[in-house]
Amino acid sequence: MQYHTHLAFSGMVGLSMMDWAQVPDPTSYFFGLAIGALLPDIDHPKSKISNKVPILPSIISRFFTHRTFFHSLLFVGILTFLYGLLPASLVTGIIFGTASHILGDMLTPAGVKLFYPFGLYIRLPLTFKTGGSIEQICFFTFIFISYKLIS
């Protein structure tokens, strides 16, 4: 998925989960969603988030290939250790954003290494090409659903 589709999907997921998560600070929650929506691509030197943190992605990409560790349940589990260090609403947003990013990339033919370091790349049965017309339709659908959730 492209970064803008990840952001739209994360926003939609975040809005739908807000009541369940009992978020006390929506501002930090939505900031966390945006961070989480882009964070798993920190291992790709040409990603949107890598452009904001120039040196770190080149170091990370030496140890992890794209869509492995940062696209895994292990990484999501590690993020839970941020509770107590950062505001809970922010951490919840980061976790939901990261999980939505991983789920979104499971909708592409390449899939993700969900059970890293074990196993194969996992993808959902229905996939679409990154940047293709189906992804653009999904992007506008996520925006529309998000609009309906807030109105």
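Might you tell me the accessible area per residue for the stretch 109-151, computed with a 1.4 Å probe and given in Å²? Mind showing how you got there, number by number?
Numbers: 3210 Å² over 43 residues.
Averaged over the residues of the stretch 109-151, the accessible area is 75 Å².
Here the chain has 71 percent of its accessible surface on carbon and sulfur atoms, given a 1.4 Å probe and all protein chains in place. 3J(HN,Hα) along the stretch 124-135, derived from phi through the Karplus expression 6.51 cos²θ - 1.76 cosθ + 1.60 where θ = phi - 60°, amounts to 7, x, 9, 10, 9, 6, 4, x, x, 5, 5, 4 Hz, with x in place of Gly and Pro.
Mind checking the full-extension length gain between Ala110 and Tyr147? Use 0.36 nm per residue of separation minus the Cα-Cα distance, one decimal, nm.
Numbers: separation 37, 0.36 × 37 = 13.32 nm, distance 2.99 nm.
Difference between extended and current length: 10.3 nm.
The trypsin sites (Lys or Arg not before Pro) of the stretch 84-151 that DSSP puts in a loop, and whose beta carbon has at most 11 other beta carbons within 10 Å, are Lys129. Of the residues Gly111, Ile94, His4, the one whose Cα sits farthest toward the positive end of the charge dipole of the stretch 1-123, with +1 on the Cβ of Lys and Arg and -1 on the Cβ of Asp and Glu, is Gly111. Residue-wise HN-Hα couplings along the stretch 87-98, as the Karplus relation 6.51 cos²θ - 1.76 cosθ + 1.60 with θ = phi - 60° gives them from phi, are x, 4, 5, 5, 5, 4, x, 4, 5, 5, x, 5 Hz; Gly and Pro carry x. Extension gain for Arg123-Thr27 works out to 31.3 nm (0.36 nm per residue, less the C-alpha to C-alpha distance). In the chain, the DSSP-assigned H stretches of four residues or longer account for a calculated mean residue ellipticity at 222 nm of -18500 deg cm²/dmol, using -39500 (n - 2.57) per stretch and the full residue count as denominator.
Result for the chain in a Gaussian network model with C-alpha springs under 10 Å: among Tyr116, Tyr29, Tyr83, the largest mean-square fluctuation is at Tyr83.
Please work out the C-alpha center-to-center distance from the stretch 1-24 to the stretch 110-151 and express it in whole Å. One Cα centre to the other: 13 Å.
The values are calculated or read from the model by the stated rules, or taken from the named source; none is laboratory data. It should be emphasised that the depicted structure is a prediction, and the values quoted were computed from it without experimental measurement. All Cβ positions, even for glycine, are placed from backbone atoms using ideal geometry, and neighbour counts span all protein chains on display. The area values use the complete protein model at the heavy-atom level, side chains included, leaving out ligands, DNA and RNA. Shrake-Rupley method; radii C 1.70, N 1.55, O 1.52, S 1.80 Å.
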